[in-house]
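To start, the structure under review is shown below, and the notes come after it.
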Amino acid sequence: MIALKDHLPLVQFPDGKLTNFESGWLIQSLLRAATTAGYTKWWLAEHVAASVANYLEKDVEDQVVTTGRLQKAVKNVLQAIGYNDISTHFVPQPPPVRISLNDLAHEAGNGYELIFFNLLRERLREALESPAEEVQLMELQDCVKTLRSTKTWQRSCSGLRSEIVTFVHSELESLRRDNISLRLT
């Protein structure tokens, strides 16, 4: 038996890719639908997402649900609370792509910055080829310390951090995908 995260089924997108169910990206999809329906400050997205998560955890025995089934569950909740106008605009967006910069640094090996940048380029290209609308690059500070083989932040770390940030921005510009947001932490 497969142990699923938080006892929730995986979500399968039309392209066949599977991902963990996460309330965060469902909330973003709900907020987008609410904005399209004319609700600019809609406060119920978190509650609807929690209701859908509860349904998936308690009532769905399958280990995988399609986005169509997820969409139907969301629409049922929205209709039940009187927001049918939002349900007509709801489309589940793909979750963000998360890239651990520190994992890439470990994969490259301490001090091997050139390998790190090649790995980062590959992961960014993969992320930009996905349907995701957000890429989250995480653990920048830990990554820099790993590449510099140091436990504490040093002056030389600031230069490498700037180099990584500049590299990421130049890669995004060269790949020319406008409808993607980047979060670097």
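Laid out as a table, the results:
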quantity	calculated
Cα-based Lys proximity count in the chain, under 20 Å, for pairs eight or more positions apart or on separate chains	6
Choice from Ile164, Ile81, Ile99 showing the highest fluctuation, given a GNM over the chain with Cα pairs closer than 10 Å	Ile81
Within region 51-185: Cβ-based charge dipole about Cα centre, in debye rounded to nearest 20 (Lys, Arg +1; Asp, Glu -1)	340
Förster radius 45 Å - calculated FRET efficiency between Ser156 and Gln63, Cβ distance, rounded to 0.05	0.40
Peptide ranges 148-159, 132-143, 36-47 listed from the most packed, as the mean C-beta count within 10 angstrom indicates	132-143, 36-47, 148-159
Share of carbon and sulfur in the accessible heavy-atom surface of the chain [1.4 Å probe, %]	48
The chain - mean residue ellipticity at 222 nm from DSSP helices (-39,500 (n - 2.57) per run, n ≥ 4, rounded to 500)	-17000 deg cm²/dmol
Inverse mean reciprocal Cα-Cα distance (Kirkwood Rh) of region 19-149, Å	16.9
Rounded Å value of the spacing that divides the Cα centres of region 61-112 and region 129-163	25
Diffusion constant of region 138-184 at 25 °C, which comes from Stokes-Einstein with the Kirkwood Cα-pair radius and 0.890 mPa s, µm²/s	209
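The values are calculated or read from the model by the stated rules, or taken from the named source; none is laboratory data. Quantities reported herein were computed from a predicted structural model and do not represent experimental measurements. Backbone-built Cβ (ideal geometry, glycine too); neighbour counts: all protein chains shown. What goes into the accessible areas is simple: the full protein's heavy atoms, side chains included, and nothing from ligands, DNA or RNA. Shrake-Rupley method; radii C 1.70, N 1.55, O 1.52, S 1.80 Å.
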